[in-house]
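*Asks:* Before I ask anything, here is the structure I am working with.
Here, each number is a calculation from the coordinates, and none is a lab measurement. Just so it is clear, the structure is predicted and the values come from calculations on it, not from any experiment. Using ideal geometry, Cβ is built from the backbone for each residue, glycine included, and neighbour counts are taken over all protein chains shown.
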Number of protein chains: 2
Amino acid sequence: MKKKSVINDTPACQIRMQAISDTMGILSGKWKFHILGTLIEGRKLGFMDLLREIDGIGSKMLSKELQDLEMNHLVSRTVMNTKPITVEYAVTEYGATLAPLIDELTKWGLAYRQSIHGSK
Amino acid sequence: MKKKSVINDTPACQIRMQAISDTMGILSGKWKFHILGTLIEGRKLGFMDLLREIDGIGSKMLSKELQDLEMNHLVSRTVMNTKPITVEYAVTEYGATLAPLIDELTKWGLAYRQSIHGSK
DNA sequence: GAAAGTACTTTCCATTAGGAAACTACTTCA
DNA sequence: TGAAGTAGTTTCCTAATGGAAAGTACTTTC
């Protein structure tokens, strides 16, 4: 007689697993949290602003990640009719719902650093 | 005159960015959140239990991810002296501090699903 | 003594992620 | 007229991710 899954066999757990996959799928990659964090902080920023603010990112990655975020309605892209054409990126209302998650992420990272210093 | 970073130029923001990188570095990969979530739910589980509970994971990935998590003191590995040798994996006290983060992740994923159904 | 269960490890392979650098295209300022 | 700023795109490359399948090693049950 083969053993079967016990814990995950309930619909509730299957759904929770799927929820984790959904979130991580949308927020995958090295830069999405950084972009969102910067945008939450800075309200409205241009492409070159983001390139300067986010240390280490290249224009290809920034462009691609912004497209992903826009596709998922987390970031808005507005072309302004200014003299040298500029584009304004901002977090959408829906994107702002990620703030608590990013906050938890940051808090945990800070605590982790401190725990290394404290215990060693 | 070249423009310089304005928002991220403060030490506070540099540290926040680093915190995000730290957390995502430790929790990187397709399976870490699933393993931790299952382990938080199931308290103590053997290798084969986890293999059965986590839908889609293979033994190589499970083994590797568990080693990563153990190295970062998020999961404990205890070899039991039972008849057929068994190993007990459990979330450490420190690993349990990730519960709020995993919770936020899950909540956001659930809300995302609902927003798609609701708006479309 | 063969099957099945424990816990992994190893090999081999395909896909993806991501970085560097160059390039497009258009505008304004000196 | 050329330098610099706007916002990207394209190409080329390497390294990392992760999956399938088989193998190791040891034990217990039928």
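*Asks:* Tell me the relative contact order for chain A as a rounded percent, counting alpha carbon contacts under 8 Å between residues six or more apart. Write out the running numbers ahead of the final one.
*Replies:* Working: 86 pairs, mean separation 25.4, N = 120.
Relative contact order, chain A: 21 percent.
*Asks:* Using the count of nearby Cβ atoms within 10 Å as a rough guide to exposure, how do B:Met71, A:Met17 rank from fewest to most? Please list the in-between numbers first.
*Replies:* Details: B:Met71 10, A:Met17 21.
Ordered from fewest to most neighbouring Cβ atoms within 10 Å, B:Met71, A:Met17 come out as B:Met71, A:Met17.
*Asks:* Now, a different point. Output the pairs from A:Lys107/B:Lys44; B:Lys32/B:Lys83; A:Lys64/B:Lys30; A:Lys60/B:Lys60; B:Lys30/B:Lys107; B:Lys32/B:Lys107 with a Cα-Cα distance over 24 Å in this structure; if there are none, say none.
*Replies:* On the way: A:Lys107/B:Lys44 27 Å; B:Lys32/B:Lys83 30 Å; A:Lys64/B:Lys30 21 Å; A:Lys60/B:Lys60 33 Å; B:Lys30/B:Lys107 18 Å; B:Lys32/B:Lys107 17 Å.
Flagged as over cut-off: A:Lys107/B:Lys44; B:Lys32/B:Lys83; A:Lys60/B:Lys60.
*Asks:* Using only Cα atoms, tell me the angle between helix A:11-26 and the longest principal axis of chain A; keep it within 0 to 90° and round to the nearest 10.
*Replies:* 30 degrees
*Asks:* Report, in cubic angstrom per residue, the convex hull volume of the C-alpha atoms of chain B.
*Replies:* 177 Å³
*Asks:* 222 nm [θ] for the protein assembly as shown, helices only, -39500 (n - 2.57) per DSSP H run of 4+, per residue, to 500?
*Replies:* -18000 deg cm²/dmol
*Asks:* Also, quick follow-up: Other chains' Cβ within 10 Å of B:26-36 residues: what's the mean? All intermediate terms of the calculation are to be shown ahead of the outcome.
*Replies:* Values: counts 3, 4, 1, 1, 4, 0, 1, 5, 6, 0, 1.
Other-chain Cβ atoms within 10 Å of each residue's Cβ, averaged: 2.
*Asks:* Determine, for B:Leu45, A:Leu39, the number of other Cβ atoms within 10 Å of each Cβ, and report the residues in order from fewest to most.
*Replies:* So the residues, fewest neighbours to most, are B:Leu45, A:Leu39.
*Asks:* Going by how many other Cβ atoms sit within 10 Å of their own, how do B:Tyr112, A:Tyr89, A:Tyr94 line up, fewest first? It would help to have the intermediate numbers written out before the result.
*Replies:* On the way: B:Tyr112 19, A:Tyr89 23, A:Tyr94 16.
Arranged by neighbour count, lowest to highest, B:Tyr112, A:Tyr89, A:Tyr94 become A:Tyr94, B:Tyr112, A:Tyr89.
*Asks:* Sorted from largest to smallest, which semi-axis lengths in Å does the alpha carbon gyration tensor of the protein assembly as shown give for its equivalent ellipsoid, taking the root of 5 times each eigenvalue? Display every interim value, and only then the final one.
*Replies:* Values: eigenvalues 291, 91, 36 Å².
The equivalent ellipsoid of the protein assembly as shown has semi-axes of 38, 21, 13 Å.
*Asks:* Can you give the angle from 0 to 90° between the axis of helix B:99-119 and the longest principal axis of chain B, with both taken from C-alpha atoms, to the nearest 10?
*Replies:* 70 degrees
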